[in-house]
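Q: Mind looking over this structure? Questions follow.
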Amino acid sequence: MEWRPWSGAGGDGWVGERAQASGDTLRSPGEKRVFSRCERHIAILSDSLEELPETDEPVWILGKQYDVQAEKSKLLSDISARLWFTYRRKFSPIGGTGPSSDTGWGCMLRCGQMMLAQALICKHLGRDWCWEKHQEQPEEYHRILKCFLDRKDCCYSIHQMAQMGVGEGKSIGEWFGPNTVAQVLKKLALFDEWNSLAVYVSMDNTVVIEDIKKMCHMCPPNLTHDSLSSSWNGLGWNTSCPGHTSGWRPLLLIVPLRLGINQINPVYVDAFKECFKMPQSLGALGGKPNSAYYFIGFLGDELIYLDPHTTQTFVDSEENGTVDDQSFHCQQSPHRMKILNLDPSVALGFFCKEEEDFDNWCGLVQKEILKPQSLQMFELVQKHPAHWPPFIPPTKPEVTTTGAELIESTNNLFELEEDFEILSM
């Protein structure tokens, strides 16, 4: 892997070289020994993680506040309840002949999976739901988990994400950046009829309220007008979409940002931390050169994150439809890093199940992020900018399969956005 400074609006800032030793089928015996030693080293580091310090400062985890001294057990339970996706090995080769492990290149894809999984947990189980080891879990939980298993027929698997990345200019086995992962999730969500998320990825550091409401008030594109009992209001089908009695499709909002040139600018730190306090928070994708993490909160000037850099063996669903989920939850003390050590290329995530949640988020952004006389992380505007191309909500292509065929059929979905990004560079 190599790191190069970011250049151009909307870019990731991450430049990865093809990971030739990314799967068991591609490794020589010598390479396997190297990877084995690395995995053992990671395990040793994980076992010796520093405990959370005794402090009076509050800890914020995805919109919830904790007192370390009085609520430490509750805090650690909340962290371990988050779905934890790591490198895996011995899954079926991607594309039939590609890598059978994502060790060394898939960390940002795993972080994207974790952020999306948190959105689905909030949608189906609620933010207050908590996982307990060896306890029976709700059916929705197992259904969510199966969306991310390392199989080509799972909608958000490493297979689907890596192959969809080809349409974003990334070869299978090449390292992704935060913005690329966001674009991949937006495309894959079009094929997820169960969750029917509206995924909005901001452009040019700007979130447009009008565009989001237009997209979220539209029923899923796979439904026919005959199945609807609502009327068109100029923004979309307003009410009574099956499964969405409020007429609002749950929103996954991703805001890719560049918070500096070679390192994060300290003027953004307070606003960045405020995002983790919002009840709509899904955390942030980011990390350090060559290493991606899923950031879920902060303590003082340290970020708390889940680390995907542990290689585990592929786990499949069982005959009864459940999944042995012990390896999908991190049950160790959380990782921490100084905020100023964060690479400036990040992507914030937010989930708004109802329109009221989005309106509340807009109010919080105006109050806490867009403060007068401060350098703003991003813009929040009411109307679609006149100099931008028209906003056209993405729709599901007419295909019967996903994977390589899906990539070709979706390449034209976002041409207007891609053209705009090129013009902005």
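Q: Once Lys and Arg get +1 and Asp and Glu get -1 on their Cβ, which of Phe358, Thr310, Val323 lies farthest toward the positive end of the dipole of segment 303-369?
A: Value: Thr310.
Q: Still on this structure, please answer the following. Pick out, from Cys275, Asn265, Pro250, the residue whose Cα sits farthest towards the positive end of the charge dipole of segment 244-333, with +1 on the Cβ of Lys and Arg and -1 on the Cβ of Asp and Glu.
A: The residue sitting farthest along the positive end of the dipole is Asn265.
Q: So which of Lys187/Lys214; Lys273/Lys367; Lys187/Lys338 end up more than 21 Å apart, counting from Cα to Cα?
A: Lys187/Lys338
Q: Calculate, for segment 154-226, the solvent-accessible area per residue in square angstrom, rolling a 1.4 angstrom probe over the heavy atoms of the protein chains.
A: Details: 1830 Å² over 73 residues.
That works out to 25 Å² per residue.
Q: Next up: As an exercise, take the mean of 1/r over every pair of distinct alpha carbons in segment 235-393, invert it, and state the Kirkwood radius in angstroms.
A: Value: 18.4 Å, from the Cα pair sum.
Q: I want to verify the translational diffusion coefficient of segment 267-312 in µm²/s; compute it with Stokes-Einstein, Rh as the Kirkwood radius over Cα pairs, at 37 °C and 0.692 mPa s.
A: D = 285 µm²/s.
Q: Could you report segment 55-152's accessible area per residue, 1.4 Å probe, as an integer in Å²?
A: Here the per-residue accessible area is 39 Å².
Q: If you don't mind, another one. Tell me, what HN-Hα J-couplings in whole Hz come from the Karplus equation 6.51 cos²θ - 1.76 cosθ + 1.60 at θ = phi - 60° for each residue of segment 156-168, using x for Gly and Pro?
A: Each residue of segment 156-168 in turn: 10, 6, 4, 5, 5, 5, 5, 6, 5, x, 4, x, 9 Hz.
The values are calculated or read from the model by the stated rules, or taken from the named source; none is laboratory data. This is a predicted model, so every value here is computed, not measured. For neighbour counting, all protein chains shown are included, and Cβ atoms are generated from backbone atoms with ideal geometry for every residue, glycine included. With ligands, DNA and RNA removed, areas are computed over all heavy atoms of the protein, side chains included. Shrake-Rupley method; radii C 1.70, N 1.55, O 1.52, S 1.80 Å.
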